[in-house]
Every structure is written in C-alpha cells, then in structure tokens.
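Report on one structure; see the data block that follows.
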Amino acid sequence: MLRDHLGPELDCALGRRVLVELRRLDEWQPCAGCDQECEARPIRVLDGRLVAMCPHASTSDEVLADDDVRQFRLEAEELCLALREDNRLDGDGPKELAPGIWLIGKTSQQHAPPRTIFVAFGNGIGAAAIIAMLKRVAGPRPVSLLFAGHADLELRLALEDAAIAALPLSEPLVDDATAPFRLDTGLLNSANTQSRLVLRRSDRSVAFEGASRILPPQPFKLLRFMLMEAEAERPLIDNRLIEEELWGAAIHDRQVADAIRRLREVLDPLLGGREQVDKLIQNRPGSYFINQDFAAIEII
C-alpha cells in the first residue's frame with residue numbers, strides 16, 4: 001500500500017524523478033469476491049470523504065484515504081541512475097541492454113568479490129537469452145539480478161541453475177535517509193524465496209506449502225487454464241476465454257462467476273482462507289486476474 005511508503009521515502013523518489021505522479025483515480029476495483037460482474041466502483045466525495053461506491057450494496061462501499069487514489073509511473077532510467085549513484089557503483093551504466101534489462105554497474109573492490117548488478121523490469125526476451133547476456137556483460141564477475149517487476153517461474157529456475165543471485169529490488173534496500181536507494185551488498189547473494197503452487201495433471205491435485213488437495217474436474221480445469229494463461233504472460237483473463245475453455249461457447253456471464261466462486265471455495269482451505277484466495281484470483285472488469293506474485297506456479 002502507498003501509505004506504507006509515505007514521507008521522505010516517497011518525496012525522495014518524486015524529487016529524483018524515479019516516480020512521476022499521474023492523474024488521480026476516479027474508479028476503484030470491484031469488491032473482493034464480487035459475483036455481480038461489477039466492472040468498477042466509482043469514487044465519489046460524500047460528507048468530505050472519498051468513497052468507492054458499490055452499485056449493488058451500500059454495505060460494500062469502501063472509504064478511501066486521499067493517498068489511496070494517487071497513482072504513479074516508474075521511470076526505469078531514473079531508478080537505475082539512483083541505484084548507481086547511491087551505491088557508488090563502478091564501470092559502465094546505467095544502460096539498457098535489452099527491453100527491460102538494465103546494467104547498473106559493478107560493486108567496488110572493497111566488496112569481495114566485486115559483483116555486476118543488473119535490474120530487470122521485464123523478461124520478454126526469454127530466460128536463456130537473459131542469462132547469456134548477463135554472463136557476457138559481467139565476464140568472470142558474479143552477477144546479481146534485481147527484479148523491479150514480475151519474474152516468471154521459468155526465469156527464476158533458470159537463474160538458480162546458472163548460479164545467478166536474483167531477488168526483488170525491495171529486499172536489499174537499506175533504510176538510509178541520506179541514500180534511500182542504497183543496497184545491502186550482503187544480501188546480493190540471496191536467492192528469491194517464494195511459496196510454490198503446484199498443479200499435477202495426473203491426479204487433479206493442487207499442492208501449496210506442504211498441503212495437497214484433489215480438485216473436482218471443472219475447478220481443476222479452470223485453475224489450470226488460468227495459471228497457464230498467466231505463465232504465458234496473459235494474467236488478465238477475459239470471461240469469454242473462460243467460457244470457451246469450459247463450455248466451448250458463449251453463455252451467460254453468471255455461469256462464469258459461479259465457476260469462479262466454486263474454484264475459490266475449493267481453494268479456500270488449501271491456501272489458508274478466502275483472503276489468500278482473493279490475492280491469487282482477483283476480480284477485474286469483465287475478467288479475472290492471476291496474481292503471479294502470490295506464489296511460484298508449477299504445472300506438471
């Protein structure tokens with residue numbers, strides 16, 4: 001949430017143009033678990049408060065803070081420059097080597113051994129190409145890759161096999177008011193750890209953090225389809241695609257909502273409650289979104 005980063009941290013990011021503030025939101029996401037096919041909740045001012053108004057039930061209205069409706073754009077080059085400056089990195093950089101992949105620089109000789117630091121904002125060129133490029137640029141030095149965006153399971157596993165340290169950018173950031181983008185170099189050898197959500201086609205089972213559950217045919221088919229779409233970098237899944245996958249033809253939207261509700265119900269005890277399920281499968285206007293940051297997804 002934005003409110004967790006208010007104050008000098010946000011002011012610094014805005015001042016250094018790492019973040020650029022955009023027009024404020026005038027719509028809010030549908031209610032968590034909404035089965036009314038609500039596209040969005042309009043934001044209105046009522047009695048001096050910002051309220052996301054549910055068109056179906058006022059009990060689902062949500063009072064928002066002023067900061068909740070702020071939105072920003074991340075400037076990749078400015079972020080890379082801030083990381084380079086605050087960590088006093090040597091060598092070339094910042095430089096975009098491929099779409100979404102940036103060289104930041106290398107740590108100084110006082111860090112044993114010196115490391116070459118990269119930041120990934122995306123991985124559209126594929127895991128093998130990314131690894132080959134990082135190793136070619138870094139030469140004999142160890143490599144650390146920081147994720148400023150989502151990294152799919154294939155890339156994370158490939159980086160682990162290639163002995164490349166990879167972790168979210170937020171993880172090694174040090175709380176330092178004088179250099180807010182300074183990294184804890186001791187964490188740059190750390191690997192990204194994440195819960196695993198494993199689907200097994202052979203018995204229609206789903207495993208999560210040591211627990212396993214066999215799903216009925218339709219919920220399993222729906223979950224497998226949605227996770228495969230997300231792995232193919234299509235995490236926003238239109239209702240029409242779900243209709244075609246489950247029934248082969250367009251039907252009433254209500255049946256899609258019912259199928260999603262049944263899937264959520266069978267996942268509830270496995271994932272640890274409805275709140276966790278709603279983090280994985282999120283409502284969007286006319287569609288559903290798979291949050292790949294919830295867990296590393298594996299389909300076998």
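The values are calculated or read from the model by the stated rules, or taken from the named source; none is laboratory data. Remember, it's a predicted structure, so these values are computed and weren't measured experimentally. Virtual Cβ from ideal backbone geometry, glycine too; neighbours counted across all protein chains shown.
Applying the criterion of being modelled with pLDDT of 90 or more and assigned to a loop (DSSP other than H, G, I, E, B) to the residues of the range 48-60, the residue that is nearest to Glu27 (Cα to Cα) is Met53. Considering Asp258, Asp278, Asp268, the condition of being in contact (Cβ under 8 Å) with a residue 60 or more places away in the chain and touching a helix residue (DSSP H, G or I) at 6+ places or on another chain (Cβ under 9 Å) is satisfied by Asp278 alone.
Scanning the range 109-132 for residues that are part of a loop (DSSP other than H, G, I, E, B) and under 28 Å from Leu19 (Cα atoms) yields Arg115, Phe121, Gly122, Asn123, Gly124, Ile125, Gly126.
Would the range 103-110 turn up any residue that is within 19 Å of the chain's Cα centre (by Cα) and among the aliphatic types (A, V, I, L, M)? For the range 103-110, residues within 19 Å of the chain's Cα centre (by Cα) and among the aliphatic types (A, V, I, L, M): absent.
Among the residues making up the range 43-80, those that are closer than 18 Å to Ser170 by Cβ and surrounded by 12 or more Cβ atoms within 10 Å (Cβ to Cβ) are Phe72, Leu74, Glu75, Ala76, Glu78, Leu79, Cys80.
Looking at (1) closer than 23 Å to Arg213 by Cα; (2) assigned to a helix (DSSP H, G or I), find the lone condition where Glu298 falls short. Condition not satisfied by Glu298: (2).
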